[in-house]
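Chemist: One structure, pasted below without further comment.
FYI, it's all coordinate maths here, none of it is from the lab. Computed from a predicted structure; not experimentally measured. Cβ coordinates were reconstructed from backbone atoms using ideal geometry, including for glycine residues, and neighbour counts include every protein chain displayed.
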């Protein structure tokens, strides 16, 4: 059987001299003997080859299909291609191929699929459980959980839907072989995964050190200095690579900065369409770009064996996150670089992720209370209309957290959430949450220790992951006693980067839909925002409290009480670059009852600088709570119901700039623009001094 497996391996890799890596055949052999295995091996070791070869051999023996739970679409795409190379018939069911579901379901029933790939979130789908899982449950020949650390509450990347995996496994026959794989699990996580999947699981653990990877830490707090270093260093690095950022906005602007400096770069993050992400992955795989500037959306499972470098623009929240990401580099090359930089913003961003990891009890109480009063359940839009909670993504996160609790206080029936009997006694396990939060703080401190570590950096990472084989690598900056790459940067280039950051103008995309429900009855705004009421694409001069203009805006608003003339000049320069069409012929602004002079004063000076008239034609009819107190889209729009009015006789029938100091959700601009359009203005261009959005990914 080993020789047969080796033949398959060589065919898959296209290398007649290929051999199994230590532990690979032993793992395959264990699955053929119907054992349960937890394989902890470094990234690039070949964990996917274990389950593809095992699938091929088990199918040859007459076994049923392999069910593979995989956490990311990017990971699924790579696995799909790898399966085809080895002659395994693979299919996936996810949100990107809805038109293929019926065909795949038929092929599954006719035993024409060898391996089915699904995300853990798919297990929560009623139709999937009824139309697919129920029909293949008694024919599963191998059950695989990739990135199994996600099963553990203690894992660095816990996903609530992974809890469903344990329930699915419990429903399958006990003699089905099980494979759980990960490269990022310390002893605590390993013990937790074993406890959940069954104590009869055998642990296969190999060394995590990657010999080809040269690690170095560079201390450089200023974002402009880091951007200068990237622009001068990346062209000289081998092959292509990844620059990781902690936020989407940094991914976008660092990529833009690199392009300004003639480096082929693209941003990659969760806000991109699936087709865009796929295209950019292929660009990197085909070396059509020098670098992808990515958030964690390009993480687990992305496989480019010849990746030459991974650079972190900011410090990740944990050592295991860092190891997983830096481990993308150097899989099949003799030399690759892993560079960690850090910034003054690192702690603030990491704290944000820790703070928003779990829904607070008061939010849970509010959700359960509203559902208790509803007859027949409530959908997410209906919940938004009744609750002033977090944004939609945070509400959905809370609902998902509650739905995977056991017993769950809520159940989803169709599109609506309903209470269960468990709701009356449900409370979040605060001790559990506090324990995990404390672990996250410890991981954050460990990452800071890595940043300051003077010894072997690879050994530090391996020890943090409880690798029993940890030892000095001999190649990192700590081992050699000198920098692998020069930490110096060109100060003129850093000055250019600082100017670029100041000019980091943010597009303001117009909203196309009014909130679901009756959020704005005073205006009668519902459904799609038609051309007659829609704003044009606008611009924000800066990001709130960001280096340069963003900090000036914050000081002007809360310290000085007036925006400096320098911001007027900056807006004029932005408008010249922007060149909105049709060209605005006048200026107005969002009125305020709290600070009636702050924004009008700035808008009048901007109008004078543009040699345009200023018209205070928008009026605020009543005081309303500040928009920053409204936490979801429905409440933000509802808070503006009937707040603005405009006299058609005072509104020039020409395009205008609509000025405000800050924008976040965009609803203030959306409603005010619609009011102006209804009063006769043919085009409204929103212009904000700052965009207040962390755009975390």
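Chemist: Could you give the angle, 0 to 90 degrees to the nearest 10, between helix 667-678's Cα long axis and the longest principal axis of the Cα atoms of the chain?
Modeler: For 667-678 against the chain, the angle is about 50 degrees.
Chemist: Follow-up question, since we're still on this one. For the chain, calculate the relative contact order in percent as a whole number, restricting contacts to Cα pairs under 8 Å that are 6 or more residues apart.
Modeler: After rounding, I find 12 percent.
Chemist: For helix 598-610, what angle does its Cα long axis make with the longest principal axis of the chain, in degrees from 0 to 90 and rounded to 10?
Modeler: 80 degrees
Chemist: List 348, 56 from most exposed to least, where exposure is judged by having the fewest other Cβ atoms within 10 Å.
Modeler: Numbers: 348 12, 56 24.
Lowest to highest Cβ neighbour count: 348, 56.
Chemist: Under the rule of -39500 (n - 2.57) per DSSP H run of 4 or more residues, summed and divided by the residues of the chain, what mean residue ellipticity at 222 nm is obtained, to the nearest 500 deg cm²/dmol?
Modeler: Rounded to the nearest 500, the figure is -11500 deg cm²/dmol.
Chemist: Could you give the length gained on full extension between residue 581 and residue 418, defined as 0.36 nm per residue of separation minus the Cα-Cα distance, in nm?
Modeler: Result for the pair: 53.8 nm of gain on full extension.
Chemist: Here's a follow-up. Just subtract the alpha-carbon distance of residue 270 and residue 139 from 0.36 nm times their residue separation and send over the number in nm, one decimal.
Modeler: 43.7 nm
Chemist: Right, next: Would you list 426, 450, 323 from fewest to most Cβ contacts within 10 Å?
Modeler: 426, 450, 323
Chemist: Antiparallel versus total DSSP beta bridges in the chain: what percent is that, nearest 5?
Modeler: In the chain, DSSP labels about 20 percent of beta bridges as antiparallel.
Chemist: Between residue 60 and residue 171, what is 0.36 nm times their sequence separation minus the Cα-Cα distance? Round to one decimal in nm.
Modeler: Length gained between residue 60 and residue 171: 37.4 nm.
Chemist: Now, a different point. According to a simple spin-label model (label point 7 Å from Cα along Cα-to-Cβ), what is the distance in nm between residue 131 and residue 601?
Modeler: Going from the residue 601 label point to the residue 131 one covers 6.1 nm.
Chemist: Cα axis of helix 187-197 to longest principal axis of the chain: angle in degrees, 0 to 90, nearest 10?
Modeler: In the chain, helix 187-197 runs at an angle near 80 degrees to the longest axis.
Chemist: Would you please give the FRET efficiency between residue 107 and residue 480, computed as 1/(1 + (r/R0)^6) with r the Cβ-Cβ distance and R0 = 41 Å, to the nearest 0.05?
Modeler: 0.15
Chemist: Here is a follow-up. Can you bin segment 223-351 into rounded, prolate or oblate? Criterion: square roots of the alpha carbon gyration tensor eigenvalues sorted a ≥ b ≥ c, rounded for a/c under 1.5, prolate for a/b above b/c, oblate for the rest.
Modeler: It comes out rounded by the Cα gyration axes.
Chemist: Indicate the gyration tensor shape class of segment 444-546 (rounded, prolate or oblate), computed on the Cα atoms with a ≥ b ≥ c the square roots of the eigenvalues: a/c under 1.5 is rounded; otherwise a/b larger than b/c is prolate and the rest oblate.
Modeler: oblate
Chemist: Using a 7 Å offset from Cα along Cα-Cβ at residue 202, what residues in segment 7-25 end up with backbone N under 20 Å from the label point?
Modeler: Inside the label zone: 20-25.
Chemist: Take the Cβ-Cβ distance between residue 425 and residue 454 as r, set R0 to 41 Å, and report the resulting FRET efficiency rounded to the nearest 0.05.
Modeler: 0.20
Chemist: Assuming R0 = 22 Å, can you tell me the calculated FRET efficiency for the pair residue 400 and residue 95, based on Cβ-Cβ distance, to the nearest 0.05?
Modeler: Plugging the Cβ-Cβ distance into 1/(1 + (r/R0)^6) gives 0.90.
Chemist: Classify segment 359-427 as rounded, prolate or oblate, taking a ≥ b ≥ c as the square roots of the eigenvalues of its Cα gyration tensor: rounded when a/c is under 1.5, otherwise prolate if a/b is larger than b/c and oblate if not.
Modeler: rounded
Chemist: Just rank 149, 505, fewest to most, by other beta-carbon atoms within 10 angstrom.
Modeler: Values: 149 28, 505 20.
Taking fewest neighbouring Cβ atoms as first place, the list is 505, 149.
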